[in-house]
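For reference, the structure discussed in these notes is given below.
The values are calculated or read from the model by the stated rules, or taken from the named source; none is laboratory data. Here the structure is a predicted model, which is why all the values come from computation and not from measurement. Here Cβ is always computed from backbone atoms with ideal geometry, including for glycine, and neighbour counts include all displayed protein chains. Accessible surface is based on the protein model in full, side chains and every heavy atom, while ligands, DNA and RNA are left aside. Shrake-Rupley method; radii C 1.70, N 1.55, O 1.52, S 1.80 Å.
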Amino acid sequence: MIILFANQKGGVGKSTLAVLFSNFAVQKRNRKVKVFDMDFQQSLYNKYLNSDLLENEKLYEVELANIPGFKSIKKKASQDPSQLTVIDLAGKMDDDNLIQVFKESELIICPFCYDEYSVTSTFEFCYVVKKVNPSSNIILIPNRVKSSVKYETLESVNQALGQFGELSSPVSDRIDFQRLTTSYTPETLVPILDPIFNKIFDDHIETESTWEAETI
Ligand SMILES: Nc1ncnc2c1ncn2[C@@H]1O[C@H](COP(=O)(O)OP(=O)(O)OP(=O)(O)O)[C@@H](O)[C@H]1O
Ligand SMILES: [Mg+2]
């Protein structure tokens, strides 16, 4: 199964949540995970190399990949259905090969923030993805939500984005997000993230039919 972390807006938490989701999948759901960093900035891959330097026990491999390389990633993923393939995309939409990526990824996780630019960008992104693949399964995660801020437009934003996919509960803005690695999730983040990731697993990844098909 291919799970994409994507949004054309930069800095919304794609790489951060891709790492946390992958850690969760291995540690809490016992899944085999392979991560591909498709961002030329290589932030996720660099995190992985740093974690390796510290000689932490590896939870999964991270590889660099480019968008045209998706074809072979997809082929490998379909040969091993028990493995989850997590892809961290760049915040750019200027490559025609992305059409295939959006068409053939089973799940698209799209973090966003409630500020105006992020919402507009996220809306455009979801619109394009749905145009390319009307049956795409998008999950929107509100990220960096500050408890001290009253988001006036929250309801209308949720409604507008909700037409493209399911909205998860919000992820708060916390300094602890700077401390995660590809082999470590800070304890303080667990109560925020586990319910969100568990729901994604139960509803979209290990639904009875897919789980049975994958374990046969
Ligand atoms: N919930 C959060 N609370 C606090 N900081 C966060 C949170 N989520 C992400 N961050 C921080 O925000 C910054 C941007 O996050 P990240 O790199 O994951 O975004 P991105 O969408 O992958 O960006 P890009 O488009 O540049 O790849 C990072 O410094 C990260 O630590
Ligand atoms: Mg990133």
Return only the number of the condition from (1) closer than 24 Å to Phe102 by Cβ; (2) open to solvent by 30 Å² or more (accessible area, probe 1.4 Å) that Asn133 does not satisfy. (2)
Looking at the range 103-128, which of its residues are more than 22 Å from Val19 (Cβ to Cβ) and of a type in the set (A, V, I, L, M, F, W, C)? Val119, Phe123, Cys126, Val128
Give, as residue ranges, the strands (runs of 3 or more DSSP E) completely inside the range 95-203 that count at least 1 residues that are farther than 30 Å from Leu53 by Cβ and among the aromatic types (Phe, Trp, Tyr). 107-112
Quick check on my filter: what residues within the range 23-39 are hydrophobic (A, V, I, L, M, F, W, C) and more than 10 Å from ligand 2 (Cβ to nearest atom)? Phe24, Ala25, Val26, Val33, Val35, Phe36
How about the range 98-130: which of its residues are within 19 Å of Val35 (Cβ to Cβ), touching a Phe, Trp or Tyr at 6+ places or on another chain (Cβ under 9 Å) and away from ligand 2 (no atom under 16 Å from the Cβ)? Glu104, Ser105
Just one of the numbered conditions (1) open to solvent by less than 10 Å² (accessible area, probe 1.4 Å); (2) away from ligand 1 (no atom under 15 Å from the Cβ) is not true of Ser82; which one? (1)
Among residues of the range 85-97, those that are open to solvent by less than 50 Å² (accessible area, probe 1.4 Å), under 18 Å from the mean Cα position of the chain (by Cα) and within 16 Å of ligand 2 (Cβ to nearest atom), counted: 6
Lone unmet requirement of (1) touching a residue at least 40 places away in the same chain (Cβ under 8 Å); (2) β-branched (Val, Ile, Thr); (3) surrounded by fewer than 16 Cβ atoms within 10 Å (Cβ to Cβ) for Val119: (3)
Per-region count, the range 1-45, residues surrounded by fewer than 22 Cβ atoms within 10 Å (Cβ to Cβ) and of a type in the set (Phe, Trp, Tyr): 2
Spot the failing condition for Thr182; the list is (1) away from ligand 2 (no atom under 16 Å from the Cβ); (2) in contact (Cβ under 8 Å) with a residue 40 or more places away in the chain, and only one is missed. (1)
Considering every residue within the range 202-211, establish whether at least one is in contact with a Pro (Cβ under 6 Å, 6 or more places away or on another chain) and either basic (Lys, Arg) or modelled with pLDDT of 95 or more (or both). no
